[in-house]
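Undergrad: Have a look at this one before I ask anything.
Bear in mind that the values in this text are calculations on the coordinates, not laboratory data. Predicted model, so just to flag it, every value in this text is computed and none were measured. We place every Cβ from the backbone using ideal geometry, glycine too, and count neighbours over all the protein chains shown.
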Amino acid sequence: MRPSAVKGTYDILPDDQPRWRALLRTTARVLGRAGVDEITTPVFEHREVFDKSVGESADLVVQKEMYTFEDRGGRWLTLRPEFTAGVLRAFIEHGMHTWPTPVKLWSAGPAFRAENVQRGRFRQFHQVNCELVGSASALLDAEAIALLVDTFTALGLPGVHVKVGSVGDPEDRERYNAYLREALVPQQQALSEASRERLRLNPLRILDSKDAGDQALLAPLARPLDMLAHAAREHFDAVTDTLSAWGVPFELDASIVRGLDYYRRTAFEVHHAGIGAQSALGGGGRYDGLVANLGGPDVPGIGWAFGIERVLDALEGEGVALPARERALAYLVALDQEAVAEVAQLARSLRAEHRVEHGYVARNPGKGLRDADRSGARVAVLRGSREREAGAVVVKDLRTGEQLVVALDDLAEHLRVVASEAPTADGIPTTGGGVAR
Ligand code: HAM
């Protein structure tokens with residue numbers, strides 16, 4: 001990934017592509033086995049979809065992080081800052097509440113937030129998103145969290161910390177916000193400016209403050225988890241009991257806060273210490289009431305998303321073997337003008353089986369071999385007047401230097417043998433741990 005011209009965006013270059021594809025393939029396998037199917041929704045939605053979902057006090061709204069624009073037809077559209085609202089819009093629009101429940105959907109693609117750019121925080125980034133809709137059972141919460149953890153395990157990523165908490169039901173949140181206001185309004189001059197603003201809009205968010213002064217004021221106060229009413233507490237205990245029974249490692253986080261307002265009860269995040277200050281790889285929670293808010297039936301649900309860039313950063317930092325760009329098996333060199341057309345045609349037929357590249361101009365053997373080497377190919381195949389007379393080509397193994405004259409009719413079979421002997425381009429075994437190719 002290299003920064004591109006627009007601040008907070010980057011280009012995903014050819015060398016980066018195999019690891020992206022491998023990550024998505026592993027994710028699709030883990031989620032697919034749990035009955036989660038893929039859904040693709042548009043990158044932009046009517047702005048109301050997000051207005052009705054992410055919440056008035058969410059960072060996206062308060063910090064004006066949404067890219068909203070008026071199109072030529074006078075419609076207000078928003079580039080999705082997250083997937084949940086769009087996926088649930090599709091759920092409602094296509095009557096998925098009549099499908100067997102729970103409906104399990106995953107997606108991957110770009111999301112957009114006009115954030116302050118720093119390591120791990122971009123304006124166009126990519127998420128894998130997963131929604132499990134249609135059941136209020138604590139089993140579904142445990143399954144959602146376990147699936148996120150299972151995905152990181154399948155990717156071979158060590159060092160993940162899973163934090164599970166509860167933001168309670170709306171009444172719990174109101175009660176806790178009132179409690180914080182009562183405790184902090186008298187001391188608000190000591191709060192940071194951002195937290196004074198939060199005290200007005202959504203006091204719960206103060207718990208997320210990195211300011212040492214704010215944290216000192218919070219230290220003696222109760223946490224949301226300590227103030228849950230019976231129903232939310234019982235649900236939370238059922239979730240954590242299930243996770244323990246399944247052997248999913250997690251830590252309790254009594255003061256978990258999420259940047260979006262739609263969460264109810266279970267909220268969770270997965271962090272990794274190796275990726276800088278923005279250490280959250282992913283997060284999610286339950287959002288009962290959100291489907292109804294978006295104009296659908298009142299069905300409960302839970303979901304999560306992880307940032308693909310952050311996960312790849314963590315995998316790289318941990319030295320997990322990631323697949324590299326595929327290189328050609330053979331690079332065909334034309335040693336005279338007539339051979340230029342010959343190698344082009346030969347390449348076309350060999351490509352039925354292998355990645356094959358060729359030169360477009362006649363080269364002397366030295367330059368031709370250098371071209372072949374730069375392409376990263378395993379063998380160079382040379383064709384000139386001498387080879388033409390013999391109905392053959394010269395095949396040079398670019399790793400061992402071994403050189404053979406091979407009849408044209410035998411070339412396909414010869415390359416088949418080379419391909420079966422060749423280690424993968426990056427020397428990474430195709431089985432075992434790490435990211436599957
Ligand atoms: P979120 O916590 O806002 O949740 O984002 C999930 C993940 O996306 C973060 O943990 C982070 O890895 C990545 N991410 C977020 N913003 C950026 C950014 N500016 N640059 C790079 N990566 C970023 C959601 O989006 C919820 N929709 C998750 C969810 C699904 N909840 C229920 N269902």
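Undergrad: I need to check one value: relative contact order of segment 330-420, counting alpha carbon pairs closer than 8 Å and at least 6 residues apart, in percent. Before the final figure, lay out each step's value.
TA: Values: 151 pairs, mean separation 25.2, N = 91.
Reported as a whole number, the value is 28 percent.
Undergrad: Right, next: Can you put V160, V43 in order of Cβ neighbours within 10 angstrom, beginning with the fewest?
TA: Details: V160 20, V43 15.
So the residues, fewest neighbours to most, are V43, V160.
Undergrad: Past 23 Å, Cα to Cα: identify those pairs from K64/K104; K367/K396; K64/K163; K52/K210, in the order given. Numbers along the way, then the final one.
TA: Working: K64/K104 31 Å; K367/K396 14 Å; K64/K163 28 Å; K52/K210 29 Å.
In this structure, K64/K104; K64/K163; K52/K210 lie more than 23 Å apart at Cα.
Undergrad: Among V311, V162, which comes first, then next, by fewest other beta-carbon atoms within 10 Å?
TA: Values: V311 24, V162 21.
By the 10 Å Cβ count, ascending, the order reads V162, V311.
Undergrad: List the relative contact order of the chain as a percent without decimals, with contacts defined as Cα pairs under 8 Å and 6+ residues apart.
TA: This gives 17 percent for the chain.
Undergrad: Let me ask something additional. Report, in deg cm²/dmol and to the nearest 500, the calculated mean residue ellipticity at 222 nm for the chain, where each DSSP H run with n ≥ 4 adds -39500 (n - 2.57) and the sum is divided by the residue count.
TA: Details: 15 runs with 157 residues, N = 437.
Using -39500 (n - 2.57) per qualifying helix, the result is -10500 deg cm²/dmol.
Undergrad: Applying 1/(1 + (r/R0)^6) with R0 = 60 Å to the Cβ-Cβ distance of Q187 and E326, what FRET efficiency is obtained, to the nearest 0.05? Intermediate results must be reported in sequence, preceding the final value.
TA: On the way: r = 61 Å, r/R0 = 1.01.
Once the sixth-power term is evaluated, E becomes 0.50.
Undergrad: Could you work out which residue, out of A138, A222, A412, moves most in a Gaussian network model of the chain, that is, has the largest mean-square fluctuation with Cα springs under 10 Å?
TA: Of A138, A222, A412, the Gaussian network model singles out A412 as fluctuating most.
Undergrad: Among F250, F306, F69, which comes first, second and so on when ranked by fewest other beta-carbon atoms within 10 Å?
TA: Values: F250 20, F306 24, F69 11.
By the 10 Å Cβ count, ascending, the order reads F69, F250, F306.
Undergrad: Are there GluC sites (Glu not before Pro) in segment 344-421 that DSSP marks as loop and that have at most 15 other Cβ atoms within 10 Å, and which are they? Present the calculation step by step, with values, prior to reporting the outcome.
TA: On the way: sites: E353, E357, E387, E389, E402, E413, E421; in loops: E353, E402.
Filter output for segment 344-421: E353, E402.
Undergrad: Please give the Cα centre distance for segment 227-271 versus segment 143-176, rounded to the nearest Å.
TA: So the two Cα centres are separated by 7 Å.
Undergrad: Here's another thing I want to ask about it. If each residue of separation counts as 0.36 nm, what is the full-extension length gain between M227 and S279 once their alpha-carbon separation is subtracted? Walk me through the numbers before you get to the answer.
TA: Details: separation 52, 0.36 × 52 = 18.72 nm, distance 2.73 nm.
Additional length available on full extension: 16.0 nm.
Undergrad: Counting only Cα, what are the radius of gyration and maximum Cα-Cα distance Dmax of segment 31-99, in Å?
TA: 13.9, 43
Undergrad: Using the Cα gyration tensor of segment 224-279, with a ≥ b ≥ c the square roots of its eigenvalues, what is the shape: rounded (a/c below 1.5), prolate (a/b larger than b/c) or oblate (neither)?
TA: Oblate.
Undergrad: What does the charge count near L404 come to, summing +1 for each Lys or Arg and -1 for each Asp or Glu among other residues with Cβ under 13 Å from its Cβ? Before the final figure, lay out the partial values.
TA: Details: positive: K396; negative: E387, D397, E402, D410, E413.
Summing Lys and Arg as +1 and Asp and Glu as -1 gives -4.
Undergrad: Still on this structure, I have one more. Work the Kirkwood hydrodynamic radius out for the chain: mean of 1/r over every pair of different alpha-carbon atoms, inverted, in Å.
TA: Numbers: mean 1/r = 0.0400 Å⁻¹.
Evaluated on the chain, it is 25.0 Å.
Undergrad: Turning to a different aspect of this structure: I'd like the distance between the alpha-carbon centres of segment 282-305 and segment 26-95, rounded to an integer number of Å.
TA: 12
Undergrad: In addition: Can you tell me which of G359, G295, G307 moves the most in a GNM of the chain? Springs connect C-alpha atoms under 10 Å apart.
TA: Of the options given, G359 has the highest mean-square fluctuation.
Undergrad: If you take the beta carbon distance between Y179 and E48 as r and set R0 to 35 Å, what does 1/(1 + (r/R0)^6) give as a FRET efficiency, to the nearest 0.05?
TA: The pair Y179/E48 has a calculated efficiency of 0.60.
Undergrad: If you stretched the chain out fully between E70 and E353, how much longer would it get, using 0.36 nm times the residue separation minus the C-alpha to C-alpha distance?
TA: On the way: separation 283, 0.36 × 283 = 101.88 nm, distance 4.90 nm.
Full extension from E70 to E353 adds 97.0 nm.
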